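Take a look at the structure below.
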Amino acid sequence: MVVAKYSHGQLVIIDRLREMVRLAAGVEVNGQFEHAAAARAIACLERFGQRLRAMRAGTVRAVGTSALRVAHSKEPFLARARAALGHPIEIISGREEARLIYAGVAATLPREPSRRLIVDIGGGSTELIIGRGLIPLELESVRVGCVVLSERHFADGKISSKRMAAARLSVRQQLEPLRRTFQRRGWQVCAGSSGTVRAIGEAIRELNPRANVITAHGIERLVDRVVAAGHTRELRFWAVTEDRRPVFPGGLAILAEVFAVFGVKEMRVADGALREGLLYDMVGRYTDGDARERTVHSMQQRYHVDVEQAEQVAATALQLLRGVRAAWKLGGDPQVAWMLKWAACLHEIGLDVAHSGYHRHGAYLLENADMPGFSRSEQRLLARLVGAHRRKLVRDGLAELAPPWDRRALHLIVLLRLAVLLHRGRGRAALPRMRVSAAAGALRLVFPARWLANHPLTQADLRQEVQYLRAAGFTLRVPHLGR
């Protein structure tokens, strides 16, 4: 955990806490969490939660990576983790993890025009990124990390040439498909991030005090020394702490193969990584640099969205939100308005697939596409909003959304549905001044006198919407709607 203060355009680190719980090692073959690993993680989060107790929602982001991506039936664990930490935990995709790692590394390395290869070895996955300046150009995440690889090849602590060769071969099988793409893109500078790379760099320096960077020769010399030790408990490097020893051989095998497969000559050690990337990403969300906003605009272009229509729907949805925010207790979190706006901006992306059932096509795209800046839970929320914005309202999947969205989603769906309905004509004329009020499970929408009578199509659509919402357990009241 990293705590920072944003002051005068810069992040100043004021606190760091680190515990190695090896959650990736606790994901069993059946995808369930092993009890001891889950207990270690919850205990750690309780300690972190004490440090975060005074921090308000919106100033904290907690993310889960490889172990939570691959685990099955993780909701009970996530509920306990959320209670222990006091904040929700987002599960991010491998490519999103890579993007955030690059953001953290790029922000802490000297500015230079050269392309960079960044390598980050985690417990359950390894991320590889090529970028220039602050912009990532190639993002990949492979499912091999120091914890998982060590559990597979060095679980009992024994190290031998045969085991190391087997571990390296399994890494090479994961990396080889990426070799041509990365070499074609090319880079001039290579940097490694995370504790594994840092520990390897420091161990190499113990063997050769003049080694300022990690080289292929230095790695192979370290491999020989680790194999000669014969067991993880015999690893006598001061840089390899007691809790890192069990996973050090796996991390070393991964980095050795990164050098071999991609032809890396030398690697410097970067200070920043995922946690710093999260901090800079949070700053961007509040200083006109939100990666999610760029992603939404990119998807609008990719799927040929009528941007003017989307903006009208978004403006009306936000207008309705302002009228119900207090009654529905939606006022304290700026994410509510952002999610509603982005759902409105993307509600028609499914039209690029087919008109029939386009809301379902849009939901599928939003749940499964790579969307930089968005966590998986945020993508799932957008998918539920867009998938329910027209026709019969089905509440399937809303209860499975991460809190508090499991309680908020139906309200946002109602607002989005009404905004889409009121702009069905796709005209540019302004809507009339409406009055909106709300109560639990109900919304009242009042139009100026005679306006509905002069707009019979909207009147008919609203009558149908009353029926759709009633069937879903929600009450919509529109005076003077007629029959």
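Name the residue that is nearest to residue 146 (Cα to Cα), counting only residues in the stretch 170-184 that are of a type outside the set (S, T, N, Q) and either touching a Gly at 6+ places or on another chain (Cβ under 7 Å) or exposed (fewer than 13 other Cβ atoms within 10 Å of the Cβ) (or both). Before the answer, list the steps.
To start, the set of residues in the stretch 170-184 that are of a type outside the set (S, T, N, Q) comprises 171-172, 175-180, 182, 184.
Now restrict to residues that are either touching a Gly at 6+ places or on another chain (Cβ under 7 Å) or exposed (fewer than 13 other Cβ atoms within 10 Å of the Cβ) (or both): 176-177, 180, 184.
Values: 176: 18, 177: 20, 180: 24, 184: 27 Å.
Filtering first and then ranking leaves 176.
Go through 73, 66 for me and flag whichever is crowded, with 18+ Cβ neighbours inside 10 Å and in contact with a strand residue (DSSP E or B) (Cβ under 9 Å, 6 or more places away or on another chain).
Numbers: 73 fails: crowded, with 18+ Cβ neighbours inside 10 Å.
Of the residues listed, the single one that is crowded, with 18+ Cβ neighbours inside 10 Å and in contact with a strand residue (DSSP E or B) (Cβ under 9 Å, 6 or more places away or on another chain) is 66.
Going residue by residue through the stretch 149-164, is there one that turns out to be polar (S, T, N, Q) and surrounded by fewer than 22 Cβ atoms within 10 Å (Cβ to Cβ)? Step through it out loud before you land on a result.
Step one: filter the stretch 149-164 for residues polar (S, T, N, Q), giving 150, 160-161.
Imposing the further condition that a residue be surrounded by fewer than 22 Cβ atoms within 10 Å (Cβ to Cβ) reduces the set to 160-161.
There is at least one residue in the stretch 149-164 that is polar (S, T, N, Q) and surrounded by fewer than 22 Cβ atoms within 10 Å (Cβ to Cβ).
Would you confirm, using the coordinates I've provided, whether residue 227 is in the same structural domain as residue 107 (by TED's automatic domain parsing), crowded, with 21+ Cβ neighbours inside 10 Å and of a type outside the set (Ser, Thr, Tyr)? Steps first, please.
Working: in the same structural domain as residue 107 (by TED's automatic domain parsing): yes; crowded, with 21+ Cβ neighbours inside 10 Å: no; of a type outside the set (Ser, Thr, Tyr): yes.
It is false that residue 227 is in the same structural domain as residue 107 (by TED's automatic domain parsing), crowded, with 21+ Cβ neighbours inside 10 Å and of a type outside the set (Ser, Thr, Tyr).
Go through the residues of the stretch 291-299 one by one and say whether even a single one is surrounded by 15 or more Cβ atoms within 10 Å (Cβ to Cβ), modelled with pLDDT of 95 or more, over 30 Å from residue 188 (Cβ atoms) and among the acidic types (Asp, Glu).
Within the stretch 291-299 (the criterion being surrounded by 15 or more Cβ atoms within 10 Å (Cβ to Cβ), modelled with pLDDT of 95 or more, over 30 Å from residue 188 (Cβ atoms) and among the acidic types (Asp, Glu)), the answer is no, since none of the residues qualifies.
Does at least one position in the stretch 406-422 carry a residue that is over 19 Å from residue 318 (Cα atoms) and of a type outside the set (Ser, Thr, Tyr)?
Keep residues of the stretch 406-422 that are over 19 Å from residue 318 (Cα atoms), which gives 406.
So of that shortlist, the ones also of a type outside the set (Ser, Thr, Tyr) come out as 406.
Yes, the stretch 406-422 contains a residue that is over 19 Å from residue 318 (Cα atoms) and of a type outside the set (Ser, Thr, Tyr).
Only residues in the stretch 286-302 that are among the basic types (Lys, Arg) count as the first member; pair them with residues that are in a helix (DSSP H, G or I), Cβ under 9 angstrom, at least 6 apart or cross-chain, and list the lot.
292/285; 292/338; 292/342; 292/378; 302/349; 302/352
Out of 261, 240, 197, 247, which single residue is within 32 Å of the chain's Cα centre (by Cα) and assigned to a loop (DSSP other than H, G, I, E, B)?
240
Of all residues in the stretch 123-153, which are out of contact with any strand residue (DSSP E or B) (no Cβ under 9 Å at 6 or more places or on another chain) and under 18 Å from residue 26 (Cα atoms)?
Residues satisfying the conditions are 123, 147, 149, 150, 151, 152, 153.
Test each condition in (1) surrounded by 12 or more Cβ atoms within 10 Å (Cβ to Cβ); (2) aliphatic (A, V, I, L, M); (3) not in a loop (DSSP other than H, G, I, E, B) for residue 12 and report the one that comes out false.
Exception for residue 12: condition (1).
Considering only residues of the stretch 376-394 that are out of contact with any Lys or Arg (no Cβ under 9 Å at 6 or more places or on another chain) and assigned to a loop (DSSP other than H, G, I, E, B), which is nearest to residue 277 (Cα to Cα)?
Among them, the one singled out is 394.
In the stretch 373-399, which residues are over 15 Å from residue 338 (Cβ atoms) and touching a strand residue (DSSP E or B) at 6+ places or on another chain (Cβ under 9 Å)? Spell out the reasoning first.
First, the residues of the stretch 373-399 that are over 15 Å from residue 338 (Cβ atoms): 376, 380, 383-384, 387-399.
Correct list: 376 only.
Take the stretch 370-399 and flag every residue that is in contact (Cβ under 8 Å) with a residue 24 or more places away in the chain and among the hydrophobic types (A, V, I, L, M, F, W, C). If you could, list the steps in order and put the result at the bottom.
Going residue by residue through the stretch 370-399, those that are in contact (Cβ under 8 Å) with a residue 24 or more places away in the chain are 370-378, 381-382, 384-395.
Residues satisfying the conditions are 371, 374, 381, 382, 385, 386, 388, 393, 394.
Within the stretch 328-352, take every residue that is modelled with pLDDT of 95 or more and not in a helix (DSSP H, G or I) and give me the one that is farthest from residue 136 (Cα to Cα).
Residue satisfying both the conditions and the ranking: 328.
Examine the stretch 75-98 for a residue that is closer than 17 Å to residue 39 by Cα and basic (Lys, Arg), and state whether such a residue exists. Explain how you work it out, then say what you get.
First, the residues of the stretch 75-98 that are closer than 17 Å to residue 39 by Cα: 75-86, 89.
Filter again for basic (Lys, Arg), leaving 80, 82.
Yes: the stretch 75-98 contains one or more residues that are closer than 17 Å to residue 39 by Cα and basic (Lys, Arg).
Would a scan of the stretch 132-155 turn up a residue that is closer than 19 Å to residue 275 by Cα and of a type in the set (D, E, K, R)?
The answer is yes; a qualifying residue exists.
Please find, within the stretch 400-418, the residue that is farthest from residue 343 (Cα to Cα) out of those that are without any contact (Cβ under 8 Å) to a residue 40 or more places away in the chain and of a type in the set (A, V, I, L, M).
401
Based on this model, can you work out whether residue 293 counts as closer than 17 Å to residue 417 by Cα and of a type in the set (Asp, Glu)? Before the answer, list the steps.
Details: closer than 17 Å to residue 417 by Cα: no; of a type in the set (Asp, Glu): yes.
Against the criterion (closer than 17 Å to residue 417 by Cα and of a type in the set (Asp, Glu)), residue 293 does not qualify.
Which of (1) surrounded by fewer than 18 Cβ atoms within 10 Å (Cβ to Cβ); (2) touching a helix residue (DSSP H, G or I) at 6+ places or on another chain (Cβ under 9 Å); (3) not small (Gly, Ala, Ser) does residue 22 not meet, given it meets every other one?
Tallying (1) surrounded by fewer than 18 Cβ atoms within 10 Å (Cβ to Cβ); (2) touching a helix residue (DSSP H, G or I) at 6+ places or on another chain (Cβ under 9 Å); (3) not small (Gly, Ala, Ser), residue 22 fails exactly one: (1).
Can you say whether residue 132 is within 27 Å of the chain's Cα centre (by Cα) and either basic (Lys, Arg) or not assigned by TED's automatic domain parsing to the domain that holds residue 100 (or both), as far as the supplied structure shows? Spell out how you get there, then give the answer.
Working: within 27 Å of the chain's Cα centre (by Cα): yes; either basic (Lys, Arg) or not assigned by TED's automatic domain parsing to the domain that holds residue 100 (or both): yes.
So residue 132 passes the test.
The values are calculated or read from the model by the stated rules, or taken from the named source; none is laboratory data. Values in this document were obtained by computation on a predicted structure and should not be read as measured data. We place every Cβ from the backbone using ideal geometry, glycine too, and count neighbours over all the protein chains shown.
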